[in-house]
Structures are given as C-alpha cells and as structure tokens.
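Chemist: Here's a structure for you.
The values are calculated or read from the model by the stated rules, or taken from the named source; none is laboratory data. All of these numbers come straight from a predicted model, not from anything done at the bench. All Cβ positions, glycine included, derive from the backbone under ideal geometry; neighbour counts span all protein chains shown. Areas reflect the complete protein model, heavy atoms only, side chains present, ligands, DNA and RNA absent. Shrake-Rupley method; radii C 1.70, N 1.55, O 1.52, S 1.80 Å.
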Protein chains: 2
Amino acid sequence: MPYRAPVSELKFVLDKVVGFDRVAATDRFAEATPETVDAILTEAGRMCEEVLAPLNPAGDLHPAHLENGVVRTSPGFAEGFAAIAEGGWLGMSADPDYGGMGLPIALTMAVNEMMGSACLSLQLNPLMTQGQIEALEAHASPEIQALYIPKLISGEWCGTMNLTEPQAGSDVGALRSRAEPNGDGTYAVTGQKIYISWGDNDFSGNICHLVLARLPDGAEGTKGISLFMVPKRIPDADGNPGVANALNVVSLEHKLGLHGSPTAVMQYDGATGWLVGEPHKGMAAMFTMMNNARLGVGVQGLSIAEAAMQHAVGYALERRQGRTPDGPEDNGGTILQHADVRRMVLSMKADTFAARALALDCAVALDMAKATGDADWQVRGAFLTPIAKSFGTDTGIKVAGDGIQVHGGMGFIEETGAAQYLRDVRVTAIYEGTNGIQAMDLVGRKLMDGGAAAFAVLDRIETTKNDALRDAVSDLRKLTEWMVGQDMQDRFAGSVSYLNAFARVLGVHYHLKAAESDDARAPLARFAAGRMLPEALAEMAKARTGAGELYAVSNEVIAA
Amino acid sequence: MPYRAPVSELKFVLDKVVGFDRVAATDRFAEATPETVDAILTEAGRMCEEVLAPLNPAGDLHPAHLENGVVRTSPGFAEGFAAIAEGGWLGMSADPDYGGMGLPIALTMAVNEMMGSACLSLQLNPLMTQGQIEALEAHASPEIQALYIPKLISGEWCGTMNLTEPQAGSDVGALRSRAEPNGDGTYAVTGQKIYISWGDNDFSGNICHLVLARLPDGAEGTKGISLFMVPKRIPDADGNPGVANALNVVSLEHKLGLHGSPTAVMQYDGATGWLVGEPHKGMAAMFTMMNNARLGVGVQGLSIAEAAMQHAVGYALERRQGRTPDGPEDNGGTILQHADVRRMVLSMKADTFAARALALDCAVALDMAKATGDADWQVRGAFLTPIAKSFGTDTGIKVAGDGIQVHGGMGFIEETGAAQYLRDVRVTAIYEGTNGIQAMDLVGRKLMDGGAAAFAVLDRIETTKNDALRDAVSDLRKLTEWMVGQDMQDRFAGSVSYLNAFARVLGVHYHLKAAESDDARAPLARFAAGRMLPEALAEMAKARTGAGELYAVSNEVIAA
C-alpha cells in the first residue's frame, strides 16, 4: 500500500490537541493562518506521496557508496532532494531575510514527519541542513550568515554536524580535533570525525561542515570547545564554491538501515575553517542545533511509526486467514478481525497518535517561546524535548516491530518493506543523544529547577475529568518530588522509566483531549488509556528502585 | 568478544532451578548422570565456541543462494554441519535403536541453545531434522523409520517441514496441496509450499521433506490433511539416494536475517511420497513435531539473548566514555559504571536467565511425561510450551535490541555484529506459530481444562516466602479464573498480555529459587523482581480489558 500523507490528522492534532491556534495568534507567526497551514501540508504531502515515497526502496537496495573518494548517492535521491529544495521545505522556519518562510517549527515538524515517512534516509539530509541554518542564525557572524544561509535554504549547499570522534561519543568533551589560527582570521582544523550523516553527496554545490574542535588555548572537557564552519569547497570572492578544502571522506559505514544516507568518517587535515560564535563556546552553539535536532529525530521515529502503521493496516485489511470464533464459516474475514491482530494494529495507532501529539506539543512550546520570549514556554519546550525524542523513537521501533509481526512470515521477507522500517528507524534511538542520554537530561538538567517545569506540565493535565488519569498524574507528581530529593545516581537509575511514565501519562492526556473534540476518537482513547496507564504505573514502580540495586550486582557476576 | 558457552550456568539451572535430578532419577533417563551431563555440555560447548561461532558472520555476509536450481550454502556451513553430526548432536534425544543417544529433551535443548548462540542460521537445520526424527518415531511405519531415522541421526540426510502455502499460513487447514494414490502404496504429491527452512542444501546426501497434503477423500479444513514423506532423491532398494523426485526449489527468500539458512519456495509436481501415520491424521502427526519445535524455537530466542548479552557485556566492560556522578575525574570508568547502561545489561541478564529457566522447566516436564507416562507432567509441559516459545523469542528480540543500544552508534554498524543478532532472531517470534498464535493456544486450548493446568503451575509457586510474588500469583490465579469464564474473543483479546504476565511471574519464581541456592544471585533476583512484577501487574490489567474495546474502534477509523 503506498504511503498516504496524513494531512487531516496533522491538522486535527495541531488544531484540537496541542493548541496551535495560540501560535498563529502571535505577531511573529501571524502568517500561519488555517488556509496557509492547509496549503502547506497539502502541497508537502503531495510531494511526499508522489516524489519521495517511491525512492525509499531504491535507497535501501542501492546504498550510497564511495567511488574513488566521491560519494555516489542512491538512484533518484538527487531529484528527490531537488524537489524538497524547490518546495522551500528546507527553510520553512528560517529567517525570511535570507529566503526562509519564517513559519513555526510545528509546521516544519509536520512536513518533516511526512518526508521521513516517505523516505527517511533522504529526509535526514534536510534535517541536518535545517539544524545548521538554525545554529548559524543564532551564533554566526553576519558575514557567514549572509554567505551560507541563503544557499542552505535554497538547497544549493547542504549542511552537516561533526561532533563525534572514536573516543568521544556521548562524552563530546573528550574530543581531540584541534583548530590553529592561520593569522588571517581563519583556522586550520585537524582531526577525524565519525558518524557524519550525509557527510558528502553528489548533488550539492558545496557541503558545509560545522565542526567541533579545540583552540590551542581551549580547556579540557566541554568548556574548551569551539565551533567552526569548514566548507568542502572554499567559497571564492563571489561566494561561489572555489578550491577544495583539506578534508575528505575516509569511508562510509555499512549500516543496519538508512542505507540511502551516507554516514561518513571525515578526515580534516588543516582544513580552512571559520569560527562560529565565541571561542570556547562551541558547545552552547551546538546545543542550539542539537535541541531542535532532538525533536527532529523524535519526529523521525514518528515518521516510521506512521509509515509502518499504514503499511500494516493495509496488509491487515487485505489478508484473509483463518476465522474468528464468532466469524463466518466461509473464512471470509480479514486478519484485522482477529482480536490479537486488531490489538496490535490499535496499539500501533494509539502510540503513533501519542508520539505525534507529543512532538507537536513540544514544537508549539518552542514556537511560543520564540514568538513571545516567555521563559515558561521555553522551559516547557526544553522539558518536553527529551521525552518527545525518546518516546517518538521508541514508538517508531515498537511500531515497526509490530508491523513486521502483523505481516507474519511476510514480515521477515525484505521485499515486503516492513523490515526496512525497523532497520531504518533503529538508529533514531541512538543518534542525537541516545535515549538513555535523553532520560539523564530529563532527570538531571531538566529537574534542576526542583521539578517546577515538570509540575507545570502536570498542572495542565490535572484538571482532567478522567479519574484514572488524574490518579496517574498524582502518582507522577509524587515520583517527581521523590526524584528531585535523590542524588544523581539514583535519578539516573530510574531515568528511562521516569521518562517512559511521563510519555504515557501525556499520551493518555492527548488521546482524551482528542476524544473531547471528536466523539469518533473516544474508543481509541479508551483503548489507549487502558494500556498506557498500567504501563505508566509499572514504569513508575521501576523508576523508584534507586541505584543501589544496580551496583549490588557485581561486575564479576555480570561478566560471569 | 567471542562467544563463550555458558556450561556452568546451564548446569546450575538444570540442577538448582528446574529439578533435572528428577529426570535423571527415572529409569528411562538413568544415563543422564551428572558426569554425563557435564561431559556432554562441555564437549558441545567447545564445538560451539570453536567450530560454529566463527561461521556466524560468514552466514550473514554470504547468504545461501540458488545457482542453476541448486542451493549453495554459506562458506563453512558444510563443515559446521559435519561437526554437529559427528558430535551426535542431531540424535541426542532419538531412539538408541536407530543410533540416537536417548537423552532427555532438556539436554538437547541445552545443546541447541549453545549451537543457536554460536550460529543460529546453521542451528535451524538440526532443529528441523530433530523435529522430523521425532515425528517419524511417533507416527511412521517401521519400514520408514528404519530407512530414514538412522540417516537423519547420522546427518547423512536432513529433514524439513512443509506446512505453509501462500493462502495457508497460521490457518494450515486452508492448504491446497494434494496427494493422489499411485496404486503401489506411494502417493503423487502436488502443490507449492513456502517458507521451507533449509529446503535444500549442498552437503546432504538427501533431503527428506515431510509434506502436508490432502488425499482425494480428505475433508476440507484441518481434519482432511495427511502427512507424507517426500524425499528429494527416491531411495533405491539398498536405501541409497536414487533418482531425483519430481520436486524442486523455485526460489530462496531474501530475508531480514538468518541469511545462512536457505528459506525455500518448494514445488511438488506429482512427487513420490509415502504416507506417515494414518490418512487424514496429518495434523496430529505435525503437532508432535511442532510442539517440541515450538520449545526449540523458544530456545532459539534464548540463544540469541545469551549471545547478544555476552556481546554487549564485553563491550560495556571495555568501552570508556564519560564519567559517573560519583566516579573519578579522570574519566577512567567503563560504560558499565553508568547507571542506565548497567540497568540495560542487568535486564538483559535477568531476562535471559528467566527464558532459560522457563525453557528447561518446560523440557523437564516433557521428559518426565515421557519417562513416567504421568498425565500431569504432560499437561504441564503442554501448558508451558507456548509461554516458553513466546517469552524466549520476545526476550531474544528485546535483548538483541538492548544489545544494539548498549553499543551506541557502533550498534548500528553491521561489522559490530550486534545488529545481526536482532535481524536473525526477529523471525523466531513469527515461525512455528506466531507469538499471537501461541497466546491463543494458551488461553484457548490450554485453558480448556477450566484452568487446572494453570492452577497446578501456580500452586508450585504459591509457597514462596516472597510477599510480592505471592500477591502476583494470587492476582494471576484470579485472572485465570476470569479468563476461563469469558468467551473466546475476550480471551483472545487479552491472550498476549496473559501470557506475558505468566512468563514474568514464572521468571521471578526462577530467580528467587536460584537465589535460594546461591547467595551471589540474590541481587540479580531482587533486580528482576523489581522489574518483572510491576510489568506482570500491568500485563494483567491489560489482559482483562476484553474484546469489546477492540471492536469499538471501527475499521473505518483504523483505515482513516
């Protein structure tokens, strides 16, 4: 079954569940009228269905590969990227002064979701470029902004993020790449970076690498890191790609999935770079890029959940097999009539809905923060980001797994397409900060305020008329109070469970809100509550066990 | 880190957790002395470590493929199979009169586990052959037994199971393959079968296909199905492989994993077959084969859980990254010291232990039934089989997923090996009856006795001194009582959750039993109880929701 862009579902969630009308009511986003939103989602949706979705199998079967040091991308990807660029989808939320549309992040996420459902390995390219535009808008000099941002928005050039090194993964502060001043305002950047998504391609005029490296006087750890723009070709006086910079793609990774996305090992050998932001403040700049990229990756999980769910529903509505206990003798029912298949499909649907609402709720908070400068919105957005990232990607993995299961034996056969969803989405729980790192961020940094941000999120839900949800909110409040009273190791021990519980409580809240606006959604909301609330309670119990229990099992017993 | 056969762990679980001593105390299995068990597990373990484990990446990278209609197996697989055959591991539990060792199924499962950890795609071949031996022992004529069983035990010939057709998957009764009497006691078998694991290979003298087909007077549905032995080469008067039979491999599937195992589409064009068992009683014969194969597939899940867990532990003990809140400033700790990584590793370990105990507990029941003829043991084994199959395979998938996560970015790179475990194990939740089918079997057929079998299993646990477990057992008893009072659709709606809850309650029981014998296991048992019991409660809540909730969501809403 071909992918169908869920345009009306996206509008419903924006309008009825996450209060997008508040965003549209601000001066900054006054252009985001219902008509504009409709036009944008419809047009983007059509491109995703017609242009991007057909590329998805080709990206998987014909991976990007290195040919004499040059990356060759998958068949059709150049055309697909051109369609994305021409549609203006790269710079939807970028500054109109540089050619962007200045639209809310919530709409960018809605379009990103559809692009990711259609072809995740290609969508990763715009996601990286969008993050780079954002970082440059926030931190780069006017000259760098004027030179790079318009070309990134137009799609002439693409952007990458270079953080990781073999010894510096989650611990970015351990990086060894160095930058030496050249004396002319530029820097010579040297080092090796790994896991560089879309580190090169054969359809962009230039590749713009944002690279974390240490200046000669940079301190050890994260405090001594600076950010540099290191283009593949050094722009000439007219801003056109000039001579090749001293960098190259060493190799591409052979990955479980996302074969269409070239993941590069990059080598910088005194490559010419320009400082972005203040010296030694590279991590702050990187975090600007990363925070929204985290939400963007959560949306990637959602993308695959939606696509895998559609794919499984299509199969379950076609495939006839067996009969149900009260079904007709003639074996006429589809497998969707079987209780357990129906249960799987409904849970795919319920989780996908919750992941979408969570991502867009988070995006609305970020938009409101931008539009109003209100710190409460900023705090809310920051609090929801790790939850949206983790729950979105966990949901993508779970739904893709259920999608395989719904297909039965066919699910294990690659031609069916169900398995590719699982292979592609698996990395989303790892990159842009593993889901474990997200959970540590949630119970560490995001509870530094004594729980104020968490309580503010819960306050909005507590008014629910649903007793079971209200009880769960109350339990989650108590758990939050407990968390802020613990030392960091105990918090970390329960961090993933705490995040999981929070996501489920929010998920039920969104479902009930949807049912309030639309009676037809009440049965799915009841189904969702009947599953997510018991799961939330179990996660809350697990969240409280503390670190002592983990270290009571010795390394010797673990290694035995 | 190379795979290490968990010989002492297997012995511990056999001796201290599942009461293997009772099996060894029977006349039938008197040879299974502690010394014999030790020698067998040690010798099989060495073969798995030294001969089979090195084949695992080759099977993945160089899939079995079809060359001019002939299957070419992965490099080294012929030698690997020869080692398995020479070790006697094919016929461990087979009748000594035909060259088998006559040992308990529990030991076969222990050896199968190790072979599966080392190289799952190759191990699937012995598993199929073992199932065939069992079916022939139980149902075939003395002539067929005498001709085939010795050669299957010696590994000269291999066996397959042919059930599925494109329109007949979980619903075997929908099959269309036909068998016409040839008038000489043989039958002409015609039809297409799919998903035939190890449907052909290039190292066996013959391939013996057990094929389900309908005789001319066979009724519709499962009641009219008969079982036939259809060898690739028709044995000559001396029992040697003679002329080619009218069958061929149409194609091999391109699968998510298990690349080393050729999964064939088989075409039978009036192929000569011999009836196995009574006419129209093929399903009963197939069930003999399938029930133990189900346990065998549960063990395959366990195999991958063990291998993926070892692999992740090895990485977590080597990889240094970041520091823990109370760790040294010099960043000297491994990632195993991080609370959340430790949580993942412990849960991999706890689940793997539970899956092993469950599989061996089930095997002990089957052995006791065989040795004593006692119906209670038979009923216990039948009840535990679907739980062992589902929990073992779900655990394999979950642990392989966690293994990827522990590896961080490396987990997504194929060369690491973590991803292969997930790809290989994914099908175990599907084949030999999907886990949904297992759950339907549990709440349907296995609760037909009004819950007697379930209560008998719970009775043994209820004596625990652990309050939380005793409460969970009591809840599960009430849930079982509720289940037997519902109609089948309501049972099916909660079937997977009921099975999941049962597995977790059993899992905690096994952990506590282990801790009683060995103090060093108490911390892991506490960790396991602190996670599995809340999960069991959540599953029990979900199990009770009934089918009404599922059908309240209309097909239109699902397809929207």
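Chemist: How many residues does the stretch A:61-80 hold that are in a helix (DSSP H, G or I) and open to solvent by 20 Å² or more (accessible area, probe 1.4 Å)?
Modeler: 3
Chemist: Please indicate, with yes or no, whether at least one residue in the stretch A:349-356 is more than 10 Å from chain B (Cβ to nearest Cβ), under 30 Å from B:His254 (Cβ atoms) and either under 20 Å from the mean Cα position of the chain (by Cα) or basic (Lys, Arg) (or both).
Modeler: Scanning the stretch A:349-356, I find at least one residue that is more than 10 Å from chain B (Cβ to nearest Cβ), under 30 Å from B:His254 (Cβ atoms) and either under 20 Å from the mean Cα position of the chain (by Cα) or basic (Lys, Arg) (or both), so the answer is yes.
Chemist: Give all pairs with beta carbons closer than 9 Å in which a residue from the stretch B:311-329 that is facing chain A (nearest Cβ under 7 Å) and open to solvent by 60 Å² or more (accessible area, probe 1.4 Å) meets a residue that is at pLDDT 90 or above and assigned to a loop (DSSP other than H, G, I, E, B); count only pairs at least 6 apart in sequence or on separate chains.
Modeler: B:Pro325/A:Gly444; B:Pro325/A:Asp487; B:Asp326/A:Asp487
Chemist: Please find, among B:Gly392, B:Gly436, B:Gly396, B:Gly403, the residue that is among the small types (Gly, Ala, Ser) and either surrounded by fewer than 23 Cβ atoms within 10 Å (Cβ to Cβ) or at the interface with another protein chain (Cβ under 9 Å from one of its Cβ atoms) (or both).
Modeler: Residue meeting the stated conditions: B:Gly436.
Chemist: Checking the structure you have, find out if any residue of the stretch B:518-529 is open to solvent by 40 Å² or more (accessible area, probe 1.4 Å) and touching a Phe, Trp or Tyr at 6+ places or on another chain (Cβ under 8 Å).
Modeler: Within the stretch B:518-529, one or more residues are open to solvent by 40 Å² or more (accessible area, probe 1.4 Å) and touching a Phe, Trp or Tyr at 6+ places or on another chain (Cβ under 8 Å).
Chemist: Tell me which residues, restricted to the stretch A:1-20, are of a type outside the set (Lys, Arg) and either open to solvent by 100 Å² or more (accessible area, probe 1.4 Å) or assigned to a loop (DSSP other than H, G, I, E, B) (or both).
Modeler: Selection gives A:Met1, A:Pro2, A:Tyr3, A:Ala5, A:Pro6, A:Val18, A:Gly19.
Chemist: Another question, if that's okay. Go through the residues of the stretch B:282-289 one by one and say whether even a single one is part of a strand (DSSP E or B), under 18 Å from B:Gln192 (Cβ atoms) and not basic (Lys, Arg).
Modeler: The answer is no; no qualifying residue exists.
Chemist: Does any residue of the stretch B:159-182 turn out to be among the charged types (D, E, K, R), within 26 Å of B:His62 (Cβ to Cβ) and touching a helix residue (DSSP H, G or I) at 6+ places or on another chain (Cβ under 9 Å)?
Modeler: No, the stretch B:159-182 has no match at all.
Chemist: List the residue pairs whose Cβ atoms are under 8 Å apart, where the first residue sits in the stretch B:481-495 and is away from every other protein chain (no Cβ under 11 Å) and under 19 Å from B:Ala452 (Cα atoms), the second is modelled with pLDDT of 95 or more and not in a loop (DSSP other than H, G, I, E, B), and the two are 6 or more positions apart or on different chains.
Modeler: Close Cβ pairs (under 8 Å, with a partner that is modelled with pLDDT of 95 or more and not in a loop (DSSP other than H, G, I, E, B)) amount to B:Met483/B:Val443; B:Met483/B:Leu447; B:Met483/B:Arg491; B:Met483/B:Tyr498; B:Met483/B:Ala543; B:Val484/B:Leu447.
Chemist: Go through the residues of the stretch B:379-399 one by one and say whether even a single one is closer than 24 Å to A:Asp402 by Cβ, assigned to a helix (DSSP H, G or I), touching a residue at least 40 places away in the same chain (Cβ under 8 Å) and more than 22 Å from the chain's Cα centre (by Cα).
Modeler: No: the stretch B:379-399 contains no residue that is closer than 24 Å to A:Asp402 by Cβ, assigned to a helix (DSSP H, G or I), touching a residue at least 40 places away in the same chain (Cβ under 8 Å) and more than 22 Å from the chain's Cα centre (by Cα).
Chemist: Which of the residues that make up the stretch B:443-480 are within 14 Å of chain A (Cβ to nearest Cβ), more than 22 Å from B:Gly530 (Cβ to Cβ) and free of Cβ contacts under 8 Å to residues at least 12 places away in the same chain?
Modeler: Result: B:Arg445, B:Met448.
Chemist: OK, next. Kindly list the number of the only condition in (1) touching a residue at least 24 places away in the same chain (Cβ under 8 Å); (2) open to solvent by less than 50 Å² (accessible area, probe 1.4 Å); (3) touching a helix residue (DSSP H, G or I) at 6+ places or on another chain (Cβ under 7 Å) that fails for A:Ala58.
Modeler: (3)
Residue by residue, here is whether (1) more than 10 Å from chain A (Cβ to nearest Cβ); (2) touching a residue at least 60 places away in the same chain (Cβ under 8 Å); (3) under 24 Å from B:Leu384 (Cα atoms) holds:
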position	(1), (2), (3)
B:Lys513	yes, yes, yes
B:Ser517	yes, yes, yes
B:Gly530	no, no, yes
B:Glu539	no, no, yes
B:Lys542	no, no, yes
B:Leu550	no, no, no
B:Glu556	no, no, no
B:Ala560	no, no, no
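Chemist: Looking only at residues that are part of a loop (DSSP other than H, G, I, E, B) and acidic (Asp, Glu) in the stretch B:155-174, which one is surrounded by the fewest Cβ atoms within 10 Å (Cβ to Cβ)?
Modeler: B:Glu156
Chemist: So A:Thr416 passes all but one of these: (1) of a type in the set (Val, Ile, Thr); (2) surrounded by fewer than 21 Cβ atoms within 10 Å (Cβ to Cβ); (3) more than 28 Å from A:Pro54 (Cβ to Cβ). Which condition number does it fail?
Modeler: (3)
Yes/no per residue for (1) open to solvent by 20 Å² or more (accessible area, probe 1.4 Å); (2) over 28 Å from A:Tyr551 (Cα atoms):
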position: A:Arg460; (1), (2): yes, yes
position: A:Gly494; (1), (2): no, no
position: A:Val508; (1), (2): no, yes
position: A:Lys513; (1), (2): yes, yes
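Chemist: With the structure loaded, tell me whether B:Asn206 is without any contact (Cβ under 8 Å) to a residue 60 or more places away in the chain and either more than 14 Å from every other protein chain (Cβ to nearest Cβ) or under 19 Å from B:Val70 (Cβ atoms) (or both) or whether it fails that test.
Modeler: Taking the combined requirement at face value, the residue satisfies it.
Chemist: Assigned to a helix (DSSP H, G or I), within 14 Å of chain B (Cβ to nearest Cβ) and buried (at least 21 other Cβ atoms within 10 Å of the Cβ): is that true of A:Ser121 in this structure?
Modeler: It is true that A:Ser121 is assigned to a helix (DSSP H, G or I), within 14 Å of chain B (Cβ to nearest Cβ) and buried (at least 21 other Cβ atoms within 10 Å of the Cβ).
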